[in-house]
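The structure appears right after this line, and notes come after that.
What follows draws every value from the coordinates through simple rules; no lab data is involved. Note that the coordinates shown come from a computational prediction; the quantities given were computed from them, not determined experimentally. Here the Cβ positions follow ideal geometry from the backbone for every residue, glycine too, while neighbour counts run over all protein chains shown.
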Amino acid sequence: MLSVNRLYVSYGKSRVITDVSFIIGKGERLAVLGRNGVGKTTLLKSIIGLLPPAGGNIIWNGTDISRLPAHWRSRLGIAYVPQGREILPELTVMENLQLGCLERGNMQYAQRRTECMLGYFPELKKHLNRRGGLLSGGQQQQLAVARALATSPELLLLDEPTEGIQPNVVEDLERILKKICKESGLSILLVEQNISFARSMAQKFLILQKGTVACSGLINKLNDDSAKHFLSV
């Protein structure tokens, strides 16, 4: 499904990602872990098309998408929820949701997908006509995830989805995402600092250290010693 092969990514002359490779199959959930500043967000931005690779390639369903712009990757079935959510604060919850899927179809399609997302995220039903910027942090995160999922993606990229939100909202988000994965075969690439959430949500892990893969494997092999060595500040 997604194959990242010997990827290199730079900001100007500064190399951030060095020789990173991994594969995500259909329905798989991979957590990318590491301290701040090791290249986790850069990796996601390169996969979605916001940063061009300096070397290596990104293969999506057998096609090299390394040079495709972000909007084409979205059309091919990759969705991205950035750190900080980046919903449109002046638009209502309904407008945010519909805008998220108009790219993939007409207004009738957008309405169907919006109704589907509200079934998964019933908390948002109470605020359909409320501006996104007036929602709580947890509600904004739910809206950001729902908007991305409204595009019917095959792969969802999540950057720090639990940052700054309450534990009960984190639990709801985990439950909803697992349900969607089970029902649709959705794959997830998750960047996270919350080790407990990553262990519960993901099936596989990859730890970045100074932009390279320091450790990887099945999530149940991520023991406390490895977590402390690679992830503690």
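Compute, for the chain, the length of the dipole vector about the Cα centre, with Cβ point charges of +1 (Lys, Arg) and -1 (Asp, Glu) only. Units Debye, rounded to 20. Here the chain has a charge dipole of around 280 debye. Along the axis of the charge dipole computed for segment 124-233 (Cβ charges of +1 for Lys and Arg, -1 for Asp and Glu, origin at the Cα centre), the listed residues HIS127, HIS229, MET201 are led at the positive end by HIS127. An oblate overall shape is assigned to segment 73-132, the ratio a/c of its alpha-carbon gyration tensor axes (a ≥ b ≥ c) being 1.5 or greater and a/b not exceeding b/c. What does the net charge come to around LEU208 if you take all other residues with beta carbon closer than 10 Å to its beta carbon, with K and R at +1 and D and E at -1? Neighbourhood net charge equals +3. Peptides 40-46, 131-137 ranked from most to least packed, by the mean per-residue count of other Cβ atoms within 10 Å: 40-46, 131-137. Checked against a 21 Å cut-off, the cross-linked pairs LYS45/LYS179; LYS125/LYS179; LYS13/LYS204; LYS182/LYS204; LYS40/LYS204 give Cα-Cα distances beyond that limit for LYS45/LYS179; LYS13/LYS204. For MET107 and ARG131, what is the calculated FRET efficiency with R₀ set at 25 Å and r taken between the beta-carbons, to the nearest 0.05? Computed FRET efficiency for MET107 and ARG131 comes out at 0.75.
Sorted on the mean count of surrounding Cβ atoms within 10 Å across their residues, most packed first, peptides 149-157, 170-178, 24-32 read 149-157, 24-32, 170-178.
The gain in end-to-end length when the ARG199 to TYR11 segment is fully stretched comes to 64.6 nm, 0.36 nm per residue minus the alpha carbon separation. In the chain, the alpha-carbon atoms span a convex hull of 120 Å³ per residue.
Considering only VAL81, SER46, ALA150, the residue lying farthest towards the positive end of the dipole of the chain is SER46, judged by Cα position with unit charges set on Cβ. Full extension of the chain between LYS179 and ARG75 yields a length gain of 35.1 nm, computed as 0.36 nm times the residue separation minus the alpha carbon distance. Look at the dipole of segment 86-152 built from charges on Cβ: of GLN139, LEU99, GLN111, the Cα furthest out on the positive end belongs to GLN111.
The fraction of Cα-Cα pairs per 10 angstrom bin, counted from 0 for segment 141-233, comes to 14, 48, 31, 7 percent, rounded to whole percents.
Taken as Cα centroids, segment 104-141 and segment 163-182 sit 16 Å apart, rounded to the nearest whole angstrom. On alpha-carbon atoms, Rg over Rh for segment 17-98 using Kirkwood Rh? Expressed as Rg/Rh, it is 0.99. What you get for segment 62-183, charging only the Cβ of Lys and Arg (+1) and of Asp and Glu (-1), is a dipole of about 360 debye around the Cα centre. Computed about its Cα centre, the charge dipole of segment 124-233 is approximately 320 debye, with only Lys, Arg, Asp and Glu carrying charge at their Cβ. Distance between the 7 Å Cα→Cβ label points at SER226 and ASN61: 3.2 nm.
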